[in-house]
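Notes follow the structure.
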Amino acid sequence: MKKVLCLLVGLSLVFCMTACHKEMPASEKTVSAEETPDVTTENNSTNDKEVMPGTTLFWETAIAPVQYKIDWTVEGTTETYIQELTKPKYQGRAGGSEGGRAAADWLAEQFSRVGLQQLPTLGSWKQSYQTHVTSVFPGEAFIVSPDGQETELKLGEDWAFRASPDIVELTAPLSTDNTLYSDGKAIWDAKEDPKNANRKLCLTSGDVSKGISYTNASGNPSRILVTDAVYEQLKTEGYQLHLQLPDAVDEEGSADNVVGFLPGKDHTKAVVLGANFDGPGQCGPLLMPGAYNNASGVATLIQTAEWLAQSDELPCDVIFAAFNTEDNRKNGSAALSDHIEEQYTQIRMVNLKCIGWKGQPITVYGVNSEATLRSSLAGGLGLQYADRDIGSDEKAFYKETMSSVLLFQDACLSDSNITATLNTIYDTVDNLDFALLDNLAKNLAAWVIERGDEPLTAYVVYW
């Protein structure tokens, strides 16, 4: 009897040590994001996005690569999908806008075409939910001289604006006087005092030609961008700005996720593959196409779905989600997570965002609480990983019966040439490596087939 007990204790210790080994970051080879090569784009100026320090990246050495080989072919390519999603007819895919709804219709067509099914509990390709939505409307602006003469500014050349949550009809000077601003007698001069510009109708100057994110996810007052020449004129004594902005933010609107489904062998478990399809929108003639952020992720999602739809058998249910209104307080990923939470005993989620920039590696992002899924994906696909939470759509799946990670490129945060393109007219297809995205989609499909039903934790140790 004692021998049996000793044997059991010994086996438990072995399992415990093995589990601990699997959870430790494999730091045999580390890569600093600061060592990645510079990528030059046609936009060499910086924008107002803060460039974050590089993340320490690791290679997972304790998990074997995926062995499953896909031996069939598909017709689609990620390039085709990205070229479509960045067309002007989708208006930069502002969340809930007419162009965004057209993009949702097109995505539903693609899900049907590649062979997906509708999620049974939705009975539709779309999942509607309440949130702020943005409509794409033009505005007008005029410089008013001291003698009252008005000179119209050209939208997209002299000025641009972020969508207004209210109708604005105002003629006022620039000021950082809170009293004047509170009385509606001034536009906040954010170039002079940017720290106190939050939640104010504010103005700054810069390169108007590269655009400004038109989407106003939080419903804050509009932000006005003018050229340096216009700004200097407005700073001259006696000059004012006459603004006419439409109410382009609907606080009671609805937006749609686009959701597809493939049934698997085990209906108690599910893999969710997701990517947000909404984008920064369009301001007058300035289209922010959002190729990298995030048509790249959506195209990879469709391509992965096309590979998996032809598989003879999947280990568990697979849900494909094109999320909407990512940056809103009420976003599409939370709506889907809440909807499917009670349907499965286990959900593993992989979010796809800002992937495919030429010459940059793709990384699995997830904190140590997601280490099992993070290691499985990084080791299985031969990708580096980071112990870091980006807080994108995967955060909606941080729940007790769920685990989620993000496929992302660290250079999106740390490379100034790349961050300068986000939410501008320069976020185009020319920056992307479609072969990299096609290969990722095929490998991700193989990972789902081979390892989709793995448990949320690597081992269960009984004492």
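Every number here is computed from the coordinates shown, using simple stated rules; none is lab data. The model shown is predicted, which means the values in this text are computed figures rather than measured ones. A quick note on method: Cβ atoms are made from the backbone with ideal geometry, for glycine too, and the neighbour counts reach across all protein chains shown.
Once R0 is set to 22 Å, what does the formula 1/(1 + (r/R0)^6) return for the Cβ-Cβ distance between T345 and D389, expressed as a FRET efficiency to the nearest 0.05?
0.35
Taking all pairs of different Cα atoms in the stretch 151-219, averaging 1/r and flipping that mean, what Kirkwood radius in angstroms comes out?
13.1 Å
Can you give the net charge of the other residues whose Cβ lies under 10 Å from the Cβ of G290, counting K and R as +1 and D and E as -1?
Result for the neighbourhood of G290: -1.
For the peptides 295-307, 59-71, what is the packing order when you average, over each peptide's residues, the other Cβ atoms within 10 Å and list the highest mean first?
295-307, 59-71
Take the alpha-carbon centre of the stretch 363-434, take the same for the stretch 106-141, and report the distance between them in whole Å.
23 Å
When you count, for each residue, the other Cβ atoms within 10 Å and take the mean per peptide, how do 193-204, 412-423, 168-179 rank with the highest first?
412-423, 193-204, 168-179
Report, largest value first, the span of the C-alpha coordinates of the stretch 75-187 along each principal axis, in whole Å.
66, 30, 19
For K195 and E75, FRET efficiency with R0 = 41 Å and r from the beta-carbon atoms, rounded to 0.05?
After rounding, the FRET efficiency stands at 0.20.
What size of dipole, in debye to the nearest 20, comes out for the stretch 243-380 about its Cα centre when the only charges are +1 on Lys and Arg C-beta atoms and -1 on Asp and Glu C-beta atoms?
It comes to approximately 640 debye.
In debye, nearest 20: dipole of the chain around its Cα centre with unit charges on the Cβ of K, R (+) and D, E (-)?
With Lys and Arg at +1 and Asp and Glu at -1, about 1560 debye.
Looking at the chain, what % of its DSSP beta bridges pair antiparallel, to the nearest 5?
55 percent
If one puts a single equal scatterer on every Cα of the stretch 111-166 and applies the Debye formula without solvent, what log₁₀ I(q)/I(0) results at q = 0.19, 0.27 Å⁻¹?
-0.83, -1.11
Along the positive direction of the dipole of the chain (beta-carbon charges: Lys, Arg +1; Asp, Glu -1; about the Cα centre), which of S124, T345, A378 reaches farthest?
Going by the Cα projections, it comes out as T345.
Relative contact order for the stretch 207-328 using alpha-carbon pairs under 8 Å, separation at least 6, rounded to a whole percent?
So the answer I get is 39 percent.
With a cap of 13 neighbouring Cβ atoms within 10 Å, and only residues DSSP puts in a loop, list the GluC sites (Glu not before Pro) found in the stretch 66-126.
Those that pass, being in a loop and sparsely packed, are E75.
For the residue pair K399 and T171, what label-to-label distance in nm results when each label sits 7 Å from Cα along the Cα-to-beta-carbon direction?
The two pseudo-label positions are separated by 5.5 nm.
Helices from the chain with mean Kyte-Doolittle at least 0.0 and a Cα length along the axis of 27 Å or more, per DSSP H: which?
Result, helices passing both filters: 2-23.
Sorting check: for 333-342, 234-243, 209-218, which peptide has the highest mean count of neighbouring beta carbons within 10 Å, and how do the rest follow?
209-218, 333-342, 234-243
Which one, Q83, N257, I362, projects farthest toward the positive side of the charge dipole computed for the chain from Cβ point charges (K/R +1, D/E -1)?
The residue sitting most towards the positive pole is I362.
With the dipole of the stretch 158-312 worked out from charges on the C-beta (+1 for Lys and Arg, -1 for Asp and Glu) around the Cα centre, which of L245, T300, S213 lies farthest toward the positive end?
Checking the options against the dipole of the stretch 158-312, the answer is T300.
Starting from the Cα coordinates of the stretch 209-266, work out the convex hull volume and express it per residue in Å³.
Cα convex hull per residue, to the nearest whole number: 168 Å³.
How many percent of all Cα-Cα pairs in the stretch 367-463 sit more than 24 Å apart?
34 percent
Tell me, Kirkwood radius of the stretch 249-310 from alpha-carbon pair distances, in Å?
Evaluated on the stretch 249-310, it is 14.4 Å.
So what is the orientation-averaged projected area of the chain, using the convex hull of its C-alpha atoms, in nm²?
Mean shadow area of the hull around the Cα atoms is 24.9 nm².
From a point 7 Å beyond the Cα of Q67 in the direction of its Cβ, which residues of the stretch 361-380 have a backbone N at a distance under 15 Å?
Output list for this probe position: 380.
Based only on Cα atoms, what Rg/Rh ratio does the stretch 288-398 have, Rh being taken as Kirkwood's radius?
Radius of gyration relative to Kirkwood radius: 0.94.
For the stretch 345-417, build the convex hull from the C-alpha positions and give me its volume per residue in Å³.
Output value, Cα hull per residue: 82 Å³.
First select every other residue whose beta carbon is under 9 angstrom from the beta carbon of V74; then total the charges, Lys and Arg +1, Asp and Glu -1.
-1
Counting alpha carbon pairs within less than 8 Å and at least 6 residues apart, what relative contact order, in whole percent, applies to the chain?
Averaging sequence separation for qualifying contacts and normalising by length gives 24 percent for the chain.
Which shape class, rounded, prolate or oblate, goes with the stretch 182-226 when its Cα gyration tensor gives a ≥ b ≥ c as root eigenvalues, a/c under 1.5 marks rounded, and past that a/b bigger than b/c marks prolate?
Verdict is oblate for the stretch 182-226.
Okay, which of the stretch 80-100 sit inside 12 Å, backbone N to the point 7 Å along the Cα-Cβ direction of R113?
Of the residues in the stretch 80-100, 80-85 have backbone N under 12 Å from the label point off R113.
Relative contact order for the stretch 105-224: what is it in percent, counting Cα pairs under 8 Å that are at least 6 residues apart?
Relative CO of the stretch 105-224 lands at 25 percent.
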